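The values are calculated or read from the model by the stated rules, or taken from the named source; none is laboratory data. Computed from a prediction, not measured in an experiment: that's the story for all the values here. Here the Cβ is made from the backbone with ideal geometry for all residues, glycine too, and neighbour counts use every protein chain on show.
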Amino acid sequence: MIDLEGAVMNVRMCAVFVIVAALILCACTTENEVGDEMGGVYQRITADEAKEMMVEGNLIVDVRTEKEYNEGHIEGALLVPLADIEAGKLELLPDKEQVLLVYCRSGNRSMTASEILIEEGYTNVYDFGGIIAWPYEIVK
């Protein structure tokens, strides 16, 4: 005689196991490239990685507002507000192959800006999130 109730319980347990395994796999993925539909990608990096990349030739891009920038920014950062990027005002970023290190206040605008820059053909975009997580000095 088949224990139907036990079989249903086993199927449920297997389903729960598969779902939990899938969630763990997604959470443990270390992939930091974020792609768009066109195949372009930008990198999400840490503040420490960004600090190491802040060398001559690599451009630090602050996508906050002018008011926020004036309240404190990373030394050497170029202000290109997200609103300008969204409007296609990219004159300050003429070299689409230049390394761009992008940040904002919390990481939301830098993510949006990075996605737009990739869509516009920029090839070396690195999003290091928000200045609120920046452990190094800022200038005012």
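Observations
- All of VAL34, VAL55 fail the test of being closer than 21 Å to SER114 by Cα, modelled with pLDDT of 55 or more and in a strand (DSSP E or B), apart from VAL34.
- Tally of residues being surrounded by 11 or more Cβ atoms within 10 Å (Cβ to Cβ) and in a loop (DSSP other than H, G, I, E, B) across segment 118-140: 8
- Of all residues making up segment 77-95, the number that are in a loop (DSSP other than H, G, I, E, B) and surrounded by 13 or more Cβ atoms within 10 Å (Cβ to Cβ): 5
- Residue match in segment 59-70 (condition: surrounded by 14 or more Cβ atoms within 10 Å (Cβ to Cβ), farther than 18 Å from GLU137 by Cβ and not β-branched (Val, Ile, Thr)): yes
- Considering (1) of a type outside the set (D, E, K, R); (2) assigned by TED's automatic domain parsing to the domain that holds GLN43; (3) within 17 Å of ALA50 (Cα to Cα), the lone condition that ILE138 does not fulfil carries the number (2).
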